[in-house]
1. In the range A:149-172, which residues have a backbone nitrogen under 20 Å from the label point lying 7 Å from residue B:180's Cα in the Cα-to-Cβ direction?
2. Taking the DSSP beta bridges in the protein assembly as shown as the whole, what percent of them are antiparallel, to the nearest 5?
3. Relative to the first principal axis of the alpha-carbon coordinates of chain B, what is the inclination of helix B:228-247, with its axis defined by its Cα atoms, in degrees from 0 to 90 and to the nearest 10?
4. Return the inverse of the average 1/r over all pairs of distinct C-alpha atoms in the range A:102-171, which is the Kirkwood hydrodynamic radius, in Å to one decimal.
5. Relative contact order (percent) for the range B:151-248, with alpha-carbon contacts under 8 angstrom and 6 or more residues of separation?
6. Compute the distance in nm between two label points, each set 7 Å from the Cα along the Cα-to-Cβ direction, one at residue B:200 and one at residue B:82.
7. For a Förster distance of 25 Å, can you work out the FRET efficiency between the beta-carbons of residue A:161 and residue A:138, rounded to the nearest 0.05?
8. What do you get for the angle between helix B:74-86 and the principal long axis of chain B? Use alpha-carbon atoms, 0 to 90 degrees, nearest ten.
Ligand SMILES: [Fe+2]
Ligand SMILES: [Fe+2]
């Protein structure tokens, strides 16, 4: 399972490589929004500001001004840069990237490297984790389903609002249900709450 | 694959049969013979450039509208969007409702579950109806009034007042997505509803929801990516003209 709004930036002159990369990403099952660009290292900061990506695939051949990129990287440490290497790349350029992907590698190897990159960077969460809800998540889910606000839940369970929000994010990711009324249906179907309980709690 | 003017209309449907609903919204029905997209459009007095933009954005969600889309007439676009709304409200939603009613007749499914499902869908229907009504009653008339003022060269005081308090930017800002509940409904059906004795109805409902979701995604995309820029351009033009008039 992946966060539903993963933003990916591809900066690569070759149309074929861009298309291939997209196919690869979709085979892995990434739900992503992609912005593609053919050229212009000069515009990278602007592009990044505009698209706010989590992942950037970049052809190192476009990387002319090393210092420039260094500065850029320092201010954007949360973004993961992946170099697309079609040919031998000088070491000083390689080190600019968090990961490298060899575009000439065979299919199986490409999928393996991509999956390993994505799970190392915490984007692809192994499925065994996304299965069932933890006890705490169940507690939070029950209260959400009953119509309580984040504030009320935090008071009731003695946890911070931030923690409540993290739980809610994980619940949505695991169940694939975003709206409160959807979660309510889930909770009733799975007998976490009773339909009769609904009214009482909301009035409280 | 890009759809272009020299393709046979029949081949367009072979390429992607979901496009049939889209083509219908232009008043074009089956029975194309060997005619090309261009000649079918001509025959139905549909703008070819506009038709190609719409079918291509529907066919390929990564397709990016051409640069000259701002030249499209707003009236044409509003007409298309309006027909899409009609398709949802008069056809798609009642269709899904009918299947849910059928499911409610299935005795192998618990009463509470059937209630939950149909209530959830009713909530969704209400949400969608509210969204559509707002656009039909507030946004689209505004767009048409702008276009009219630009074409005829006379702007009413009413429109000038409206321009002061409303802009298409406001619409874009709170243009909420109407897909979240559908997304949830999909997962609830796929993962959590216990299988009824006859699971075919549930399959059909799921299939319909996928189709509706896909169509809505495209519709919202057209509103945000094509309608909004066109209206922004008209607003600029009109505001400039009004200011010029005041100065004179
Ligand atoms: Fe709409
Ligand atoms: Fe809309």
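We did not get these values from a lab; they are worked out from the coordinates using the rules stated. In this text the structure is predicted, and so the values were computed from the model without any measurement. Cβ: placed from backbone, ideal geometry, glycine included. Neighbour counts: every protein chain shown.
1. A:149-154, A:161-172
2. Roughly 5 percent of the DSSP beta bridges within the protein assembly as shown come out antiparallel.
3. The two axes meet at around 30 degrees.
4. For the range A:102-171, the Kirkwood estimate is 14.5 Å.
5. 44 percent
6. Here the modelled spin labels are 4.0 nm apart.
7. Efficiency, from the Cβ-Cβ distance: 0.85.
8. So the helix axis and the longest Cα principal axis differ by about 20 degrees.
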